[in-house]
1. Determine the sum of side-chain charges near A49: Lys and Arg each +1, Asp and Glu each -1, restricted to other residues whose C-beta is under 11 angstrom from that of A49.
2. Any idea what the relative contact order of the chain is, in percent, if you count C-alpha pairs under 8 Å spaced at least 6 apart?
3. Which one of N31, G51, I12 has its Cα pushed farthest toward the positive end of the charge dipole of the range 6-56, where Lys and Arg give +1 and Asp and Glu give -1 at the Cβ?
4. Tell me, what ³J(HN,Hα) does each residue in the range 35-42 have, in order and in whole Hz, if you take phi through Karplus 6.51 cos²θ - 1.76 cosθ + 1.60 with θ = phi - 60° and put x for Gly and Pro?
5. Sort 21-28, 43-50 by the packing proxy (mean of other Cβ within 10 Å over each peptide's residues), most packed first.
6. Viscosity 0.890 mPa s, temperature 25 °C: Stokes-Einstein D of the chain from its Kirkwood Cα radius, in µm² per second?
7. If you place +1 on the Cβ of every Lys and Arg, -1 on the Cβ of every Asp and Glu, and leave all else neutral, what size is the dipole of the chain about its Cα centre, to the nearest 20 Debye?
8. What FRET efficiency would be calculated for the residue pair N31, Y58, taking the C-beta separation as r and a Förster radius of 30 Å, to the nearest 0.05?
Amino acid sequence: MFNGITVTTSYIIDEEYKEYICVRFERPNNNNGFDFAEIIMPDKKFIKAFGFSEDEIYW
C-alpha cells in the first residue's frame, strides 16, 4: 500500500504469442466504495478506470 492505494497483480496471462500481466490500483473513496484503475503491462495500456483523474493516471 502506498498513499492509501493498494496495488495487486495478476498471474502471467499468455494469449496468442504475447504474455502480459494486469496491474490493479485501488483506494477507498468517500462513497463507501473504491476507485480503481487497471493497466496491462508491459504495454502500459489502461483497460479500466473509475475515480482516478486523468492527471493521476497519465503522470
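Derivation of every value follows stated rules applied to the coordinates shown; laboratory data play no part. Note that the structure is predicted; figures quoted are calculated from it, not measured. Positions of Cβ are generated from backbone atoms using ideal geometry, with glycine treated the same way; all protein chains shown enter the neighbour counts.
1. That sum, taken over residues with Cβ under 11 Å, equals -3.
2. Relative contact order comes out at 23 percent.
3. N31
4. Taking θ as phi minus 60°, the curve returns 8, 8, 8, 10, 10, 8, 10, x Hz for the range 35-42.
5. On the way: 21-28: 16.0, 43-50: 11.6.
So the peptides 21-28, 43-50, ranked by packing, come out 21-28, 43-50.
6. My calculation gives 199 µm²/s for D.
7. Details: 6 positive and 11 negative charges, 31 e Å.
In debye, rounded to 20, the chain gives about 140.
8. 0.80
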